[in-house]
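Since the structure comes first, as structure tokens, the remarks are kept for the end.
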Amino acid sequence: MRRAFGPYHAAPMTPGRYLLVRLSAIGDVVFALESVAALRNLDPGARIDWLVEDRIRPLLESHPDLDRVLVYPRREFARCAVRPWLWPSLVVLLVRHACALRRTRYDAVLDLHGNLKSGLHVLLARAKRKIGFDKTRAKEGAWLAVRERVTLPSPRPHRSEEGLLLLERLVGATVARPPHPVFPIDEAAKALANAWLDATRPTYATHRPAGMVVLAPGTSAFAAFKRWPARRYAELAERLCLHGLTVVVSTGPGERELGRNAVGQSGAIWFDGAEHGLAVALEVMRQASVCVAADSGPMHLAQAVGVPVVGIFGPKDPLRYGPRLPGSIVMRYATPCAPCGRRACELPTCVQAVTVDDILRATLDVLSRQNRAS
């Protein structure tokens, strides 16, 4: 039976100091924001720090519920590790990083990641309590780094609820799922996003009542088999434009060719996130009425700025990794082998068999619901 999160009834907590460890994976970082919001509700005066990899830092550094973002400089470590002449610098970096982590003594460290890297950081951290997952969820021996190990129920809950279970161990009581957290507006990035939209989209687009749709065709490189074909995005973009919508195709680093192919001859406009940066990409996304994306970082980022999604799912279970924002729709072609845990597939029918008609109907359905609610 799936875990139901109810109201929180514990006595008020004495303000504490906490460290959350979730190093990487944009989707999981977004999911972990629910744990931050819940902890802030439980302990309004708490000091909450978060340890994250350098490339994810821009998502968190201005978050109002966080007091400090500690950065694991993975890219700099990797750069030094493959160059023997930089090994002395690597040693200095390691020492500085360890000292920064050990400078603060925490009431509790919560390992929401559960792998070797997070476990090593938990071992280094100074804390009265160290809470994480047991070996059925944690990988690479990470459960050995924590003193209090949480067993997840079966079937597994949504990824965002895993962190709430760690909080329940922390406070010894049921923890309520908080309202869906949304990233605060970055005013400087918003101004740049508005300037780009004003300069790029056709003049008549500003008068279209139907709204704006963002298409995000990319995934991480190792999960490329989860992508819906670019030519279908181009066809979808063309048909959405015919419905009077402004369509933006948004891509990230290394996805220029994908972006061009997804735009095609559709009349959509292309936003190159590699050129403009993540903060501006988020503010462009925030202005959309709906985002169409694969099971990937962009889908979760849309949720993080309050935009409902049409999520095109493949091997992963949407009950565990799917969108949480009300009004979103998950699309996947039913196959007997899905969901699965594979990292590669020669014939990902679960994704490839989803048609343009399917996604068009779902997108228009989300827009129609928004119009009825407004």
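We did not get these values from a lab; they are worked out from the coordinates using the rules stated. This is a predicted model, so every value here is computed, not measured. Glycine gets a Cβ as well: all are built from the backbone with ideal geometry, and neighbour counts include every protein chain shown.
Listing for the model above:
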quantity	calculated
Whole-Å semi-axes of the ellipsoid equivalent to region 112-192 (Cα gyration tensor, √5λ, descending)	27, 18, 13
Fewest-first ranking of 48, 56, using other Cβ atoms within 10 Å as the exposure measure	48, 56
q = 0.09, 0.12, 0.15, 0.21 Å⁻¹: log10 I(q)/I(0) that the Debye formula gives for region 17-171, counting C-alpha atoms only	-0.28, -0.49, -0.76, -1.43
Charge sum, other residues only, whose C-beta stays under 14 Å from residue 354's C-beta, Lys/Arg counted +1 and Asp/Glu -1	+2
Cut-off under 5 Å, modelled amide H: who pairs with residue 215 long-range	248, 249, 250, 292
The chain: relative contact order as a whole-number percent, Cα under 8 Å and 6+ apart	14
Computed FRET value (nearest 0.05) for residue 180 with residue 68, which takes r as the C-beta separation and R₀ as 30 Å	0.80
Region 283-374, relative contact order [Cα under 8 Å, separation at least 6], %	25
When each of 135/316; 117/226; 139/190; 130/190 is checked by Cα-Cα distance, pairs over 31 Å	139/190; 130/190
Helix-only CD estimate at 222 nm, as mean residue ellipticity for the chain, using -39500 (n - 2.57) per DSSP H run (n ≥ 4)	-11500 deg cm²/dmol
